[in-house]
1. Determine ³J(HN,Hα), in whole Hz, for all residues of the stretch 136-144 in sequence, where each value follows from phi through the Karplus function 6.51 cos²θ - 1.76 cosθ + 1.60 and θ = phi - 60°; x replaces Gly and Pro.
2. Per 0.36 nm of contour for each residue apart, how much would the distance between residue 216 and residue 181 grow if the chain were fully extended, relative to their Cα-Cα spacing?
3. To the nearest 0.05, how large is the calculated FRET efficiency for residue 143 and residue 196 if R₀ is 25 Å and r is the Cβ-Cβ distance?
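Read the figures in this text as sums done on the coordinates, not as results from a lab. The structure presented is a predicted model; accordingly, all values stated were derived computationally and were not measured. When we count neighbours, we look across all protein chains shown, and the Cβ atoms used for this are built from the backbone with ideal geometry, even at glycine.
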Amino acid sequence: MKRRLSTFVLVALVAALCPCMALAQEATLQARADVSPSTEVSANDQAPAQGAQNTVTEAVKKWNLGVQGGISLAPELINFGVFGSFGPIFSPTVRFRPGVYLSFGEVTTEVGIDLDMLYTMPGSANDWHTYVGGGQNFAISHQGFSAETEAVNGNTTPPANGDGETTTTSRFDFGDTSFDAGFNFIVGATRGKAFFEMKATAWGVSNVRLLAGFRF
């Protein structure tokens, strides 16, 4: 009798719990259905941006890209540039560093390419490292200035008798553009990803650049 009663109670409990479990499972599936579309849309929206970011990061690491800036002396210019770094070459302390730069001042504008080889002197990993180097420089420079002249009846030289009805002012640009090839002599110091250097260019667009840079 007791066994039959226990069996009856167990069957009743199972019958009562089954609908509750079915309802709970249905609610869980519905919640997943409601959340999944928005999650997939968000992931799809972020995929292109994430892919572009990964591409840029890989390029920076592959080419060891960096930026530099400073001033040039004789002539006085402001200098900005980007560069890559490749190495080691032949030795752990030798690297190849090509770069492009733009310099501009009151009279002179210059666009150039540097193809530099650098040798870093041995030292402690936590200290500043001195390096020296040299390389080819190619540059296009433009030197120019503007002047205002007065014209009478469209002529830059007024008539001798002073006759003329209208007077206009025109602006002329006097400039000289040239392409030069020179050689760089470099000395600098680096620590971590930062560096400071002096770069003197001879036999081309002769100048001295005082630069600071950072490698990403």
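1. Result, ordered by residue: 7, 10, 10, 8, 10, 10, 10, 10, x Hz.
2. 9.7 nm
3. Efficiency, from the Cβ-Cβ distance: 0.30.
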